[in-house]
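*Asks:* Would you mind keeping the following structure in view while I ask a few things?
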Amino acid sequence: MLVHHRRRAPRPGPARPWRQRGVALVEAAFVTPVFFMLIFGIVEVGLAMNDNLALAHSVRAGSRMASASGNEAYADYGLLRAIAREGSAIPRDQVERIVVYEATGPGALPTVGCRDGSPSSVAGNACNVYTPADFDRPRTDFGCLPDKDTDRFFCPSDRNIVLTKTTGPDYVGVWMKVEHPWVTRMFGSTLTLTDSSVIQLEPRERA
């Protein structure tokens, strides 16, 4: 009598090691770029925020110095020194322009021409335009000298510091433009940052 034995189907064994390695490589190929993009993005945004914060401190330091200086002849000289100290975290080659301007009131911006780099002596829209090179100018280059294109357009000694019953001292604004470079170029080459601060001059006289 013949007895037939049925063969049992082989039980599935563990996945082969090479298959596991292949799956891991595929997963890594998808996850790694996203991970690094996230890390680089956080770093880029952090650096930009740092420059933006330094910019905000700089214009506020400048406007405070302008207010305290009033109509002193060398007010802009001190103002630029204050900006250079407060904005030392920003490399000078990133600072494009500083505008000291006659403001109509709190929050007012300089004219487009002033922001584009053209100083103006027009009443109501007067402005002095500076670059980082002016941080190192000697004091003797200031004081509204007719042969120096520094502070003569919006002359500090002409700023009103008289407080009357109907009007107060002038408002002076400080506007600044910075070009922040993107390190990884994920978001382009540069980011333009601007900020301004307007403050009323401290009254020195009453009428």
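*Asks:* Indicate the gyration tensor shape class of the stretch 123-188 (rounded, prolate or oblate), computed on the Cα atoms with a ≥ b ≥ c the square roots of the eigenvalues: a/c under 1.5 is rounded; otherwise a/b larger than b/c is prolate and the rest oblate.
*Replies:* oblate
*Asks:* Ok, one more. Work out, step by step, the length gained on full extension between Phe187 and Ile39: first 0.36 nm times the residue separation, then minus their alpha carbon distance; give nm to one decimal.
*Replies:* Residue separation times 0.36 nm, minus the Cα-Cα distance, leaves 51.9 nm.
*Asks:* Same structure again: In nm, to one decimal, how far is the modelled label at Leu53 from the one at Glu27, with both set 7 Å along Cα→Cβ?
*Replies:* Those two pseudo-labels are separated by 3.7 nm.
*Asks:* A further question follows. As I understand it, the value is the acute angle between the Cα axis of helix 75-86 and the longest principal axis of the Cα atoms of the chain; what does it come to in degrees, rounded to 10?
*Replies:* The helix 75-86 is inclined about 20 degrees to the chain.
*Asks:* Okay, moving on. Per residue, how big is the convex hull of the stretch 45-102 when only Cα atoms are used? Give it in Å³.
*Replies:* Here the figure is 78 Å³ per residue.
*Asks:* Summing -39500 (n - 2.57) over the DSSP H runs of n ≥ 4 in the chain and dividing by its residue number, what mean residue ellipticity at 222 nm do you reach, to the nearest 500 deg cm²/dmol?
*Replies:* Rounded to the nearest 500, the figure is -11500 deg cm²/dmol.
*Asks:* Right, something else. How would Asp170, Asp141, Asp76 line up from fewest to most surrounding beta-carbon atoms within 10 angstrom?
*Replies:* Asp141, Asp170, Asp76
*Asks:* Run through the DSSP bridge list for the chain and note the antiparallel percent, rounded to the nearest 5.
*Replies:* Just about 90 percent of them are antiparallel.
*Asks:* Considering the Cα trace of the stretch 24-206, what is its radius of gyration and what is Dmax, both in angstroms?
*Replies:* Both quantities, over Cα of the stretch 24-206: 20.3, 79 Å.
Readers should treat all values here as calculations from the given coordinates under stated rules, not as data from a laboratory. Since we're looking at a predicted model, the values are computed, not measured. With ideal geometry, Cβ positions are generated from the backbone for all residues, glycine too; neighbour counts draw on all protein chains shown.
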